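Everything on this sheet refers to the single structure shown next.
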């Protein structure tokens, strides 16, 4: 695989590598939202939400649409949620396996 594709993938995963950004994306999964709406839903300052959205925008993970004076954010490609769901499934399995090992080790 060419280095530039690997670099793009690494950048994509770095952009996802923040819990606030994951929470933003979880909210955008439900519906497109403005900064203020995201701020209220995830309980983070507007300036912080804006900074995280800028990172997601730079990697074309979210896109902007204007509705009058409002700027609305949405996910550019819904396939993103397949990636996030897959990671969630992997992590659930890992946690269950660790719990099983801990129960076995205690016995």
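The values are calculated or read from the model by the stated rules, or taken from the named source; none is laboratory data. Owing to the predicted nature of the structure, the values given are computational and were not obtained by experimental measurement. Positions of Cβ are generated from backbone atoms using ideal geometry, with glycine treated the same way; all protein chains shown enter the neighbour counts.
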Complete set of residues in the stretch 49-63 that are part of a helix (DSSP H, G or I) and either over 13 Å from the mean Cα position of the chain (by Cα) or surrounded by fewer than 13 Cβ atoms within 10 Å (Cβ to Cβ) (or both): 50, 51, 54, 58
In the stretch 6-30, the residues that are over 14 Å from the mean Cα position of the chain (by Cα) and within 20 Å of residue 78 (Cα to Cα): 8, 9, 10
Top-ranked residue in the stretch 77-100 [being in contact with a helix residue (DSSP H, G or I) (Cβ under 9 Å, 6 or more places away or on another chain) and under 18 Å from residue 31 (Cβ atoms); ranked as surrounded by the most Cβ atoms within 10 Å (Cβ to Cβ)]: 80
Some residue of the stretch 23-38 being under 21 Å from residue 82 (Cα atoms), assigned to a loop (DSSP other than H, G, I, E, B), at pLDDT 95 or above and out of contact with any helix residue (DSSP H, G or I) (no Cβ under 8 Å at 6 or more places or on another chain): yes
Given (1) surrounded by 10 or more Cβ atoms within 10 Å (Cβ to Cβ); (2) under 17 Å from residue 71 (Cβ atoms); (3) modelled with pLDDT of 95 or more, index of the condition residue 46 fails: (3)
Residue 66 being assigned to a helix (DSSP H, G or I) and either exposed (fewer than 13 other Cβ atoms within 10 Å of the Cβ) or on the phi > 0 side of the Ramachandran plot (or both): no
